[in-house]
Amino acid sequence: MLEIEEIELRYGAVKAVRDVSLRVEQGELVTLLGANGAGKSSTLKSIAGVLKPARGTIRLDGRDISGLTPEQLVRRGVAMVPETRDVFPDLTVEENLQLGAFCRRRDTRGVAASQERMFELFPLLAERIRQPAGTLSGGQQQQLVIARAMMSDPRLLLLDEPSLGLAPVIVDRIFEMILELRQSGVTILLVEQNASKALKISDRSYVLSLGRVATSGASADIAAGSDLKSIYLG
Ligand code: ATP
C-alpha cells in the first residue's frame, strides 16, 4: 500500500531524515521505533504531505504522492494523528469529530455511520458528546484525536506517539483501541517511544537511528534480538 524509497527530509539546513526506505502492506500494523530525534515524526509528516521530501519517493498504491497537499492526501485515504494531540478546546466532542469529516460533507450517511462506529469504539466520547473538548483529560483527548482522524474514513492511519504522557492504564487502553482499529481493516503506521508495547501489538517494525533505518523485520524477531538497546543508546 505504502512504499517509501530513499527519502531525505530537511528543515532548512537540518537533515531530519537522511535515507529512509520502508513499506507498509494493506492491513498491516507497522511500528517506527527509535530514540528522540531519530526522524520518526518527520517520516510520518512526509507521508501526510506536511513535509516535502528533498529526495526520494513516496508511493501510495503505486502512485507517487510526494507532491500532494495534506488535504489531497486525506481525500486519498491517509489520516494523521500528530503527537501534539490538538483538539479544538472550545468546540464540543461532536463538533471536533465533524471537523475530521471535512472532506466527506456530501456523504452525510457515511459520516453518521463513522461517528456511530467511533462512539462504539470510544464509549467515553459518546458520554461526553456535548462537552467542550478542552474539558477532557489527556487520555480522553487522545481518544478524540484518533476518532477525529478516523472520521475521514482513512485506509492508512498514521499515529504519532499516542501513548505520550498518559498514565499506564490509559496507555493499555489506547493500545487495545489501536488493535481494534486494525481489526476493523485500517492499515496503521505507528510511531512509539514505548518500544516493548509497540513490538507486542505490531506485525513489523523499523528502528530508525540518526535519520536512517538501523534495523527492520518482524516485531517478534526485533523484540527477541539483543540489538534494540544498543540502537536506542547509540
Ligand atoms: P521525537 O520523538 O523527539 O519527536 P523523532 O524521531 O520523531 O523524535 P523528528 O521529530 O523527526 O524525530 O526529528 C528529527 C530531527 O529533525 C531532529 O534532529 C530534530 O531536532 C529535527 N527537527 C524536527 N523538527 C524540526 C523543525 N521544525 N525545525 C528544525 N529541526 C527539526
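The values are calculated or read from the model by the stated rules, or taken from the named source; none is laboratory data. Since the model is a prediction, treat every value here as computed from it, not as a measurement. A quick note on method: Cβ atoms are made from the backbone with ideal geometry, for glycine too, and the neighbour counts reach across all protein chains shown.
Out of the range 113-138, which residues are small (Gly, Ala, Ser) and surrounded by 20 or more Cβ atoms within 10 Å (Cβ to Cβ)?
If the condition is that a residue be small (Gly, Ala, Ser) and surrounded by 20 or more Cβ atoms within 10 Å (Cβ to Cβ), then Ser114, Ala133 are the ones that fit.
Applying the selection to the range 42-67, what residues are in contact with a Lys or Arg (Cβ under 6 Å, 6 or more places away or on another chain) and near the ligand (Cβ under 10 Å from one of its atoms)?
Scanning the range 42-67 gives a single hit, Leu51.
I need the full set of residues from the range 32-69 which are among the basic types (Lys, Arg), outside any strand (DSSP E or B) and either in contact with a Pro (Cβ under 9 Å, 6 or more places away or on another chain) or over 23 Å from Ala13 (Cβ atoms) (or both), in order please.
Hit for the range 32-69 is Lys45, nothing else.
Among the listed residues Leu166, Leu144, Leu181, identify the single one that is touching a residue at least 60 places away in the same chain (Cβ under 8 Å) and either in contact with a helix residue (DSSP H, G or I) (Cβ under 8 Å, 6 or more places away or on another chain) or part of a loop (DSSP other than H, G, I, E, B) (or both).
Leu181
For Glu180, which of the numbered conditions (1) within 13 Å of the ligand (Cβ to nearest atom); (2) of a type in the set (Asp, Glu); (3) at pLDDT below 95 fails to hold?
The failed condition is (1).
Could you list all residues from the range 168-206 that are closer than 20 Å to Ala48 by Cα and either crowded, with 20+ Cβ neighbours inside 10 Å or among the aliphatic types (A, V, I, L, M) (or both)?
Those that are closer than 20 Å to Ala48 by Cα and either crowded, with 20+ Cβ neighbours inside 10 Å or among the aliphatic types (A, V, I, L, M) (or both): Ile178, Leu181, Val186, Thr187, Ile188, Leu189, Leu190, Val191, Glu192, Ser205, Tyr206.
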